[in-house]
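Coordinate-derived values only; no laboratory data. All values derive from a computational prediction rather than experimental measurement. So basically every Cβ, Gly included, is an ideal-geometry build from the backbone, and we count neighbours across all protein chains shown.
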Amino acid sequence: ESDAGDYTCVCGDKQSTASLAVHALPVLFKEELKNEVVQEGASVSLRCELTKAAPVQWKTGSKVLKTSDKYQMRQPGTTAELVIHDLEVKDA
């Protein structure tokens, strides 16, 4: 998308200009989340991979998760990762 804009070819005192539009491809899941079974008190890492870098939001049910001592979120490149620490039965 950042390549969109006007481009000009100049030759002496003559020039030709064209406008370039770039239509963005949708973000898709390249690798989806996988189910996990983990012991109470442990930590778990949930990961998914996107087809291109894009902002993600982590939720449990309708509750949006925020970074805290319990939840750690990372997004290096196209991989989105949620680490949940000190798991409790209610985290299922």
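Cross-link partners for LYS70 among the lysines, with Cα-Cα distance under 26 Å and sequence neighbours closer than 8 places in the same chain left out: LYS34, LYS59, LYS90. Our coupling estimate for the range 11-19, obtained by passing each phi through the Karplus curve with A = 6.51, B = -1.76, C = 1.60 and θ = phi - 60°, is 9, x, 9, 10, 8, 9, 10, 9, 9 Hz, Gly and Pro reported as x.
Taking the Cβ of TRP58 as the center, what net charge do the other residues with Cβ under 10 Å away carry, scoring Lys and Arg +1 and Asp and Glu -1? Its environment carries a net charge of +2. In order along the range 75-91, phi translates into HN-Hα couplings of 8, x, x, 9, 9, 10, 10, 10, 10, 10, 9, 6, 4, 10, 4, 5, 6 Hz, rounded to whole numbers, per the Karplus curve 6.51 cos²θ - 1.76 cosθ + 1.60 with θ = phi - 60° and x for Gly and Pro. An ellipsoid equivalent to the chain, defined through the eigenvalues of its Cα gyration tensor, has semi-axes of 46, 12, 10 Å when rounded to whole angstrom and sorted largest first. Which residue, chosen from VAL37, ALA80, THR51, occupies the Cα position most advanced towards the positive end of the dipole of the range 25-91, where the dipole is computed from +1 (Lys, Arg) and -1 (Asp, Glu) charges on Cβ about the Cα centre? About the Cα centre, the residue reaching furthest to the positive side is THR51. In this simple spin-label model, placing a label point 7 Å from the Cα along the Cα-to-Cβ direction at both LYS59 and SER43 gives a separation of 2.7 nm.
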